[in-house]
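These notes concern the structure reproduced below.
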Amino acid sequence: MSILVFAEHDNSTLKTETFKTVAAAQAIGSDITLLVAGYNCQNVVDAASKVNGVSKVLVADNAVYEHQLAENISLLVLELASDYEHIIATALTTGKNFMPRVAALLDVTQISDIIAVDSTDTFIRPIYAGNAIATVQSLDSKKVITVRATGFDAVATDGDAEVVILDIAINAGISAHVSDELTVSERPDLGAAGIVISGGRGMQNGENFKLLEGIADKLGAAIGASRAAVDAGFVPNDMQVGQTGKIVAPDLYIAVGISGAIQHLAGMKDSKVIVAINKDAEAPIFQVADYGIVADLFDALPELESKL
Amino acid sequence: MKVLVPIKRVIDYNVKVRVKSDNSNVDLANVKMAINPFCEIAVEEAIRLKEAGMATEVIAVSIGNKSCQEQLRTALALGADRAIQIETDENLDSLNIAKLLQKIVEEEQPQLVILGKQAIDSDNNQTGQMLGALTGMPQGTFASIIKIDGDKVNVTREVDDGLQTIALNLPAIVTTDLRLNEPRYASLPNIMKAKRKPLVVKPAADFGIDLSPRTKLVKVTPPATRQAGIIVETIDELVQKLKNEAKVIS
């Protein structure tokens, strides 16, 4: 059972979600190859070779893969596909973007966003914003799968995989990168943080998100937001936690001024401990919170910050 | 420039689904249905391109039984020019949906295909990308800005770390994210007018594609429920609980 796992990275750092995706691969089989496609990405290759359970790292280091355009990456994976029964990527924006293209080129359907492995061809995934859990069997000969990283525990980094440099550089020539506008933050990634503090519509404006920053700094937490806060223009979309935003499962999730719509719960309800701060005692968020406090956030947040 | 907009009929996003007691699927009997929110954004974007003089014709297409004509009529009321229903009673896998749409693309030769990034029922996020691969078109997924620029389209995408802008050769595929636009409501005169706009029905079987299932739904279960915890009275109590009981902060 040979498995190809696509490494998520930004050409300098291997994303921690990849360690969890490799854990998902290990639940399927043991012959695991990691593919690093990028440009000037030696740091990522070094990190990839140490991922526990990986026997081989394939490297496609070329300018055509720098921005991981779906048109180019999908053709690269297609070149390699004949050697593998399972092709797996993390369900982050890169994997979600190119993997269905790979599936269609291989004439198979994709099993998206799995949270558990039942057998080599049967997988468990949330549907309807996590309000139902489906067990789905793939009837295709090759399985193309994306993994929701929060469903799996990261593997260790004590491996020693063989590194193989590929001589493949296929440019589909139909798309080009123009520019990036990346959010620069000193805080941990939402997907990787052990603690997340999120604000909702109750924050009233973007300026008030500063009230979360002091607490986030003290706790080493990432800051998130509900869709309501993003739609209202308080904060950018890359902070959105929910069905259509980021899926997080930290040790501690603090929801501030968030009512708890099902679309938001879909993104955070697997957190180990949930705290809700809301002045509306009837807010649905309290039904999933381990600890709730009915309070005005403008009183509660400064006090919380001072007492941490 | 022709714009093709594939849309899906799904459960209304305000409705919380229930799993059937025999765990065969979710129960959609007598549940309010609607056009998938991301598909509605796709329709809106196509209409805005037409209003801006960039698009000449907007064609909505949906795959399903007769009931999806309701969503096609909605798209027509919002401003689409005509509609195509590909008729099937089967719940098709994304790959088979993409193969049927590929046939419509071959017939209609649109310069732009705008789809929702995902349907809120299956949450798959696949069809647009698959259609891109099958038609050989480039794709701009999770779009928050679309700008037509000669024979290219610039798409700003919502990615994990912020925003990325790419340039795609036309014809191209775009899938919508939430912030691309805010869809309008259909006015009553437009709803009346939509009833007279052309809607063509084509049986899925007529396309000569093998539509046999690629997946088997083994079972559907409710998610593990989370027990509501306790309400604390003071911040001091909260901090103490987090330190000593939950042990998640130090």
field: Residue that is more than 22 Å from residue A:69 (Cβ to Cβ), of a type in the set (A, V, I, L, M, F, W, C) and touching a residue at least 60 places away in the same chain (Cβ under 8 Å), where the choices are A:215, A:195, A:168, A:174
entry: A:215
query: Name the pairs: first residue in the stretch A:232-245 and at pLDDT 95 or above, second residue hydroxyl-bearing (Ser, Thr, Tyr) and open to solvent by less than 20 Å² (accessible area, probe 1.4 Å), Cβ to Cβ under 6 Å, at least 6 apart or on different chains?
result: A:241/A:198
task: May I ask you to list pairs of residues, at least six apart or on different chains, whose Cβ atoms are under 6 Å apart, with the first in the stretch B:64-83 being closer than 21 Å to residue B:28 by Cβ and the second being charged (D, E, K, R)?
output: B:64/B:9; B:65/B:89; B:68/B:9; B:71/B:9
Residues located in the stretch B:147-163, provided they are touching an Asp or Glu at 6+ places or on another chain (Cβ under 7 Å) and open to solvent by 20 Å² or more (accessible area, probe 1.4 Å): B:160, B:161, B:163
field: Residue list for the stretch B:77-110, restricted to those being touching a strand residue (DSSP E or B) at 6+ places or on another chain (Cβ under 6 Å), more than 12 Å from chain A (Cβ to nearest Cβ) and not in a helix (DSSP H, G or I)
entry: B:80, B:81, B:82, B:83, B:84, B:85, B:86, B:87, B:110
task: Within the stretch B:131-181, track down each residue that is of a type in the set (D, E, K, R) and touching a strand residue (DSSP E or B) at 6+ places or on another chain (Cβ under 6 Å).
output: B:147, B:152, B:157, B:158, B:161, B:177, B:179
message: So if I check each of A:111, A:145, A:115, which one is of a type outside the set (Ser, Thr, Tyr), at pLDDT 95 or above and open to solvent by 10 Å² or more (accessible area, probe 1.4 Å)?
response: A:115
message: From the list A:155, A:164, exactly one residue is within 30 Å of residue A:105 (Cα to Cα) and modelled with pLDDT of 95 or more. Which is it?
response: A:164
- prompt: Could you list, in sequence order, the residues of the stretch B:121-146 that are surrounded by fewer than 23 Cβ atoms within 10 Å (Cβ to Cβ), within 8 Å of chain A (Cβ to nearest Cβ) and β-branched (Val, Ile, Thr)?
  reply: none
- line: Within the stretch A:192-248, the count of residues that are part of a strand (DSSP E or B) and open to solvent by 10 Å² or more (accessible area, probe 1.4 Å) comes to 3
message: Among the residues that make up the stretch B:208-215, is at least one of them more than 23 Å from residue B:84 (Cβ to Cβ), touching a strand residue (DSSP E or B) at 6+ places or on another chain (Cβ under 8 Å) and not acidic (Asp, Glu)?
response: yes
message: Regarding the stretch A:260-274, can at least one residue be identified that is touching an Asp or Glu at 6+ places or on another chain (Cβ under 7 Å) and surrounded by 24 or more Cβ atoms within 10 Å (Cβ to Cβ)?
response: yes
query: Pick from the stretch A:174-191 the residues that are aliphatic (A, V, I, L, M), at pLDDT 95 or above and open to solvent by less than 70 Å² (accessible area, probe 1.4 Å): which of them is farthest from residue A:265 (Cα to Cα)?
result: A:174
Matching entry among A:120, A:150 (being touching a residue at least 60 places away in the same chain (Cβ under 8 Å), closer than 30 Å to residue B:213 by Cα, over 17 Å from the mean Cα position of the chain (by Cα) and open to solvent by 40 Å² or more (accessible area, probe 1.4 Å)): A:120
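The values are calculated or read from the model by the stated rules, or taken from the named source; none is laboratory data. Quick caveat: nothing in here was measured; it's all calculated off a predicted structure. Please note: Cβ atoms are built from the backbone with ideal geometry, for glycine as well, and neighbour counts cover all protein chains shown. Just the protein is used for accessible areas: all its heavy atoms, side chains included, with ligands, DNA and RNA removed. Shrake-Rupley method; radii C 1.70, N 1.55, O 1.52, S 1.80 Å.
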